[in-house]
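Below is the structure I would like to discuss, written out as structure tokens.
The values are calculated or read from the model by the stated rules, or taken from the named source; none is laboratory data. Treat the numbers as computed from the prediction; the structure is a model and nothing was measured. Don't worry about glycine lacking a Cβ; one is built from the backbone with ideal geometry, like all the others, and counts go over all protein chains shown.
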Amino acid sequence: MKSIRLLLAFALIGLVASSLPAQAQQKKKSVLNLFCWSEYVPQEVIDGFTKETGIKVNVENYASNEQMLAKLNAGASKYDLVQPSEYTVEGLIKAGKLEELNLGNIPNFKNLDPKYTKMPHDPENKYSVPWMVGSVGIVVNTTKVKEPVKTYKEVFSGKYKKRIVILDDHREIVSWALNSIGIPANDITPENLEKAKAVLKDWLPQVKVYDSDSPKTALLNGDVDLGIVWSGEAALLYKKNKKYTYTLPEDGAHQFIDSLAIPKDAPHKESAEKFINYILQPEVSLKISKEFPYTNPNAEARKLLTKAQLDNPASYPPGEPKLDTFKDIGKASADIDKVILDLKGK
Amino acid sequence: MTPMLLWLVAFVVIPTGILLVYSFCQRDELGQIIYTFSWENYRRIFIDSDTGEFGTTYLTVFVRSVEYAGLTTVICVVMGYPVAWFIGRAPENRRNFLLMLVMIPFWTSFLVRTYAWITILSTEGLLNSFLQYTKLISEPFEMLYTPGAVIVGLVYSYLPFFILPVYGSVEKLDNSLVEAAFDLGAGPVRTFQRVILPLTRPGIMAGILLVFIPAIGMFAISELMGGNSQPTIGEVIQDQFLQARDWPFGAALGMTIVVLFAVAFSFTARQRDLT
């Protein structure tokens, strides 16, 4: 039922959006329509930007890359700036859905750690600039689980049946299963999916909660004792209580690079570039790190972080390991969805 | 007649039409609709694409959703009817106040209310803490993230949708008919069976429909309170739009349910006409 309403809403948004361009042209200079993840852009940063540039920011949120894509696909052309992860950036570039950036307008680009620029999903940074970097790993409540848990296999060894929370993100889940049997996360072939399915058949019945939005809730409420979650969630748990430890799985961890990018035909491209340049200032970037403790790709901002912030193992994993990223897999997302549903549906 | 027609076109015909068209389309790498005709989406609902044989995955999910919705409806009837009766029979000046009590929770966001239940039912939540404090139990009960929690959430959300239409029937019920039944020697049980129940039937039927149908499509409650480990059909459809980049398949699932209901509804309507 909800899907019907959703569809209707999308259709209406499309209609409204297509009848608006004349109006949008007029306000070209003073507005920025930001379409970003929920819990990711501090209000303080938005206010600061408006104060400095006089540009008014309209914010809309989404909870997953796919949700953002769904809205862009529905024909919403009013957004000036979106915040996709690396594999979504790759897919959007392939489909010609992003505007080229003029890095000349973004001088603060130089503040970024070269480790996080010119990455495979956008080799020249022609279309995207990194916002925050994070990983997915194992978080353990050490008062309940005494022994170390270092691999996906150990999480699902059978010892922690129904004491586990994992992300409700099908691509993620399948990638862990692939990693646990030594297959790279991006090798999504029918044969490999079959192998992953065999692994997951044993794993999924052990899971108590699937939650991508706020997996920390089930851990904090004592409903589960360990989980596989976003590093930022783990960092917040660690900040609250040191009993929550975070480990990058030894059988294969990966990172995500959330970026800023301008959709094709955005009405206020200039405002968007100004915003990108603004958040790349070390002091501004620091504010983002303070509220949302993911890994900050801004080298200049990192110099300003406190020792406590840098010592949070979920934000800055010791040793700075080199991690893989996801690649765009296009239509295969439906095959992945089927694998999970076949198992969950039983 | 014309306003009704316009309403139907805007809110029923056009959306269902869009859904119907999408359900026969395909999609590209990024999930955008490609307008080429294909039966594939409907085929996938019933035929497992790996084995090429009849597949029961979506059927199982659908049956589970119907079970959840059915149980929810039964509980709503049992709990809601006495409440509606009590409010409908209360002195006139107090009825509005009582009705307001039923509706007050609706003034807060649905999600906020669901999160409140999470706080109550979780392992270290209010209910478990209370029961342990009073020494009624020694170990916390596992309540949240179970099918039972989903039912609690569904009943809580849909109970008012049953109470309100039944209240409408009860309020209109002429008291002299009940008195007449007693005068003619019928006991309370017989009066209820032969007089009260038939006269309030329209309200009960409306209430059942208002609870059962939306409960089947509901996905937020099973996601938040059930831990999403046993998906309902609403969640599966949602996933097609927000996880799998597969709107056409989601549309096909939606259309199939619409058709199933239309058939079931017209069948029961005919049965009623015959009797």
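Given the options A:Ala332, A:Ala314, name the one that is modelled with pLDDT of 90 or more and either β-branched (Val, Ile, Thr) or on the phi < 0 side of the Ramachandran plot (or both). So that I can check it myself, show each step before the final result.
Details: A:Ala332 fails: modelled with pLDDT of 90 or more.
Testing whether each residue is modelled with pLDDT of 90 or more and either β-branched (Val, Ile, Thr) or on the phi < 0 side of the Ramachandran plot (or both) leaves just A:Ala314.
Based on what the data block shows, is B:Ile87 over 24 Å from B:Ile216 (Cα atoms), of a type in the set (Val, Ile, Thr), more than 10 Å from chain A (Cβ to nearest Cβ) and touching a helix residue (DSSP H, G or I) at 6+ places or on another chain (Cβ under 8 Å)? I'd like the intermediate steps shown before the answer.
On the way: over 24 Å from B:Ile216 (Cα atoms): yes; of a type in the set (Val, Ile, Thr): yes; more than 10 Å from chain A (Cβ to nearest Cβ): yes; touching a helix residue (DSSP H, G or I) at 6+ places or on another chain (Cβ under 8 Å): yes.
So B:Ile87 fits the description; yes.
For B:Ser49, only one of the following conditions fails: (1) surrounded by fewer than 15 Cβ atoms within 10 Å (Cβ to Cβ); (2) assigned to a helix (DSSP H, G or I); (3) within 13 Å of another protein chain (Cβ to nearest Cβ). What is its number?
(2)
Also, quick follow-up: Go through (1) in a loop (DSSP other than H, G, I, E, B); (2) under 18 Å from the mean Cα position of the chain (by Cα); (3) over 30 Å from B:Thr146 (Cβ atoms) one by one and return the number of the condition A:Glu124 breaks.
Going through (1) in a loop (DSSP other than H, G, I, E, B); (2) under 18 Å from the mean Cα position of the chain (by Cα); (3) over 30 Å from B:Thr146 (Cβ atoms) one by one, A:Glu124 breaks only (2).
Mind listing whichever residues of the range B:223-249 are in contact with a helix residue (DSSP H, G or I) (Cβ under 6 Å, 6 or more places away or on another chain), outside any helix (DSSP H, G or I) and within 7 Å of another protein chain (Cβ to nearest Cβ)?
Result: B:Pro231, B:Gln243, B:Ala244, B:Arg245, B:Asp246.
Continuing with this model, one more query. Taking the range B:186-238 as the region of interest, how many residues are modelled with pLDDT of 90 or more, among the hydroxyl-bearing types (Ser, Thr, Tyr) and buried (at least 21 other Cβ atoms within 10 Å of the Cβ)?
So the count comes out to 2.
Now for a separate question. For the range A:291-346, list the helices (runs of 4 or more DSSP H) that sit wholly inside it and hold at least 2 residues that are of a type in the set (A, V, I, L, M, F, W, C), within 14 Å of chain B (Cβ to nearest Cβ) and surrounded by fewer than 20 Cβ atoms within 10 Å (Cβ to Cβ); which are they?
Ranges flagged: A:332-345.
Since A:Asn179 meets every condition but one in (1) surrounded by fewer than 16 Cβ atoms within 10 Å (Cβ to Cβ); (2) away from chain B (no Cβ under 14 Å), which condition does it not meet?
For A:Asn179, the failing item is (1).
Then there is this: If I go through the range A:179-202 residue by residue, how many of them are closer than 18 Å to A:Gly137 by Cβ and within 20 Å of the chain's Cα centre (by Cα)?
Qualifying residue count, the range A:179-202: 3.
Can you name the residue in the range A:182-240 that is closer than 14 Å to A:Ile164 by Cα and charged (D, E, K, R) and, of all such residues, is farthest from the other protein chains (Cβ to nearest Cβ)?
Applying the filter and picking the extreme gives A:Asp202.
Considering every residue within the range A:258-276, establish whether at least one is surrounded by fewer than 20 Cβ atoms within 10 Å (Cβ to Cβ), more than 14 Å from chain B (Cβ to nearest Cβ) and among the aromatic types (Phe, Trp, Tyr).
Within the range A:258-276, not a single residue is surrounded by fewer than 20 Cβ atoms within 10 Å (Cβ to Cβ), more than 14 Å from chain B (Cβ to nearest Cβ) and among the aromatic types (Phe, Trp, Tyr).
Taking B:Pro140 as meeting all but one of (1) touching a residue at least 12 places away in the same chain (Cβ under 8 Å); (2) within 28 Å of the chain's Cα centre (by Cα), write down the number of the exception.
Status for B:Pro140: all satisfied but (2).
Residues checked against (1) within 10 Å of another protein chain (Cβ to nearest Cβ); (2) in contact with a Cys (Cβ under 7 Å, 6 or more places away or on another chain); (3) not hydroxyl-bearing (Ser, Thr, Tyr):
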residue: B:Met103; (1), (2), (3): no, no, yes
residue: B:Ser109; (1), (2), (3): no, no, no
residue: B:Thr114; (1), (2), (3): no, no, no
residue: B:Thr119; (1), (2), (3): yes, no, no
residue: B:Thr123; (1), (2), (3): yes, no, no
residue: B:Leu127; (1), (2), (3): no, no, yes
residue: B:Pro140; (1), (2), (3): yes, no, yes
residue: B:Leu144; (1), (2), (3): yes, no, yes
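Still on this structure: Check whether at least one residue in the range B:68-75 is touching a Cys at 6+ places or on another chain (Cβ under 6 Å) and within 13 Å of chain A (Cβ to nearest Cβ), and report yes or no.
No, the range B:68-75 contains no residue that is touching a Cys at 6+ places or on another chain (Cβ under 6 Å) and within 13 Å of chain A (Cβ to nearest Cβ).
Output the residue which, of all residues in the range B:30-46 that are touching a residue at least 60 places away in the same chain (Cβ under 8 Å) and under 19 Å from A:Ala70 (Cα atoms), is farthest from the other protein chains (Cβ to nearest Cβ).
Of everything passing the filter in the range B:30-46, B:Asn41 is farthest from the other protein chains (Cβ to nearest Cβ).
Condition first: buried (at least 23 other Cβ atoms within 10 Å of the Cβ), out of contact with any strand residue (DSSP E or B) (no Cβ under 6 Å at 6 or more places or on another chain) and part of a loop (DSSP other than H, G, I, E, B). Can you find one or more residues in the range A:85-95 that meet it?
no
Need pairs with beta-carbon distance below 6 Å; first residue surrounded by fewer than 21 Cβ atoms within 10 Å (Cβ to Cβ) and within the range A:34-46, second of a type in the set (Gly, Ala, Ser) and assigned to a loop (DSSP other than H, G, I, E, B); sequence gap 6+ or separate chains.
A:Ser38/A:Ala63
So, A:Val224, is that one in contact with a Lys or Arg (Cβ under 6 Å, 6 or more places away or on another chain), hydrophobic (A, V, I, L, M, F, W, C), at negative phi and buried (at least 21 other Cβ atoms within 10 Å of the Cβ) or not?
yes
When the residues of the range B:58-103 are filtered to those that are in contact with a Phe, Trp or Tyr (Cβ under 8 Å, 6 or more places away or on another chain) and of a type in the set (Val, Ile, Thr), which remaining residue is surrounded by the fewest Cβ atoms within 10 Å (Cβ to Cβ)?
B:Val77
Within the range B:265-273, can one find any residue that is part of a helix (DSSP H, G or I), at pLDDT below 90, crowded, with 17+ Cβ neighbours inside 10 Å and more than 10 Å from chain A (Cβ to nearest Cβ)?
no
Right, something else. State whether one or more residues within the range A:154-166 are more than 14 Å from chain B (Cβ to nearest Cβ), at pLDDT 95 or above and within 17 Å of the chain's Cα centre (by Cα).
no
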